[in-house]
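Data block below; observations after.
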Amino acid sequence: QVQLVESGGGLVQAGGSLRLSCAASGRTFTGTMGWFRQTPGKDREFVAAIRRSAGGSYVADTLQGRFAISRDNTKNTAYLQMDDLKPEDTAVYYCAGGRGVMTLSAASDYDHWGQGTQVTVSS
């Protein structure tokens with residue numbers, strides 16, 4: 001059973017940066033890892049995803065230039081680097097993992113989810 005544990009969330013001022021980590025435990029995770037975010041009353045929103053193989057990553061169009069995703073397969077960990085944060089980036093950020101992910105932005109394609117980490121950006 002794969003467990004995903006997020007860390008790195010917190011409170012930051014607008015314009016600041018945070019790096020979220022998602023550690024997969026249980027066994028070596030060979031699938032796609034992604035990040036989604038959610039605010040109260042809204043659907044979960046795709047942020048970024050990365051496949052195990054090199055070059056297979058994607059960041060949501062509206063976040064490109066500020067967010068970047070990477071992974072360290074030796075550590076079974078994915079990272080989300082968030083720069084120039086804005087108050088509208090405030091959300092709970094969830095890590096997701098899946099072996100049969102066809103559409104990177106489709107939450108339903110992911111099998112495993114973390115508990116989420118809160119990111120709050122103050123103006």
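The values are calculated or read from the model by the stated rules, or taken from the named source; none is laboratory data. A quick note: this is a predicted structure, and the numbers were derived from the prediction, not measured. Note: ideal-geometry Cβ built from the backbone for every residue, glycine included; neighbour counts use all protein chains shown. Heads up: the accessible areas ignore ligands, DNA and RNA and are worked out on the full protein's heavy atoms, side chains in. Shrake-Rupley method; radii C 1.70, N 1.55, O 1.52, S 1.80 Å.
About its Cα centre, the chain has a charge dipole of approximately 360 debye under the convention of +1 per Lys or Arg Cβ and -1 per Asp or Glu Cβ, with nothing else charged.
In the complete set of protein chains, residue-level accessible area for Phe36 is approximately 0 Å², probe 1.4 angstrom. Each of Thr103, Ala68, Met82 was placed along the dipole of segment 60-104 (beta-carbon charges, centred on the mean Cα), and the one lying farthest toward the positive end is Thr103. Rounded, prolate or oblate: pick one for segment 7-47, where a ≥ b ≥ c are the square roots of the eigenvalues of its C-alpha gyration tensor, a/c under 1.5 means rounded, and failing that, prolate if a/b is larger than b/c, else oblate. Verdict is oblate for segment 7-47.
For segment 36-109, trypsin sites (Lys or Arg not before Pro) are listed when DSSP marks them as loop and at most 10 other Cβ atoms sit within 10 Å of their Cβ; the list is Lys42.
Probe radius 1.4 Å, ligands and nucleic acids left out: which of Glu6, Glu45 has the largest accessible area, and how do the rest follow?
Correct descending sequence by accessible area is Glu45, Glu6.
Annotation: Cα Rg of the chain relative to the compact-globule expectation 2.2 N^0.38 Å equals 0.97. The value of relative contact order for segment 15-123, using C-alpha pairs under 8 Å at least six residues apart, is 31 percent.
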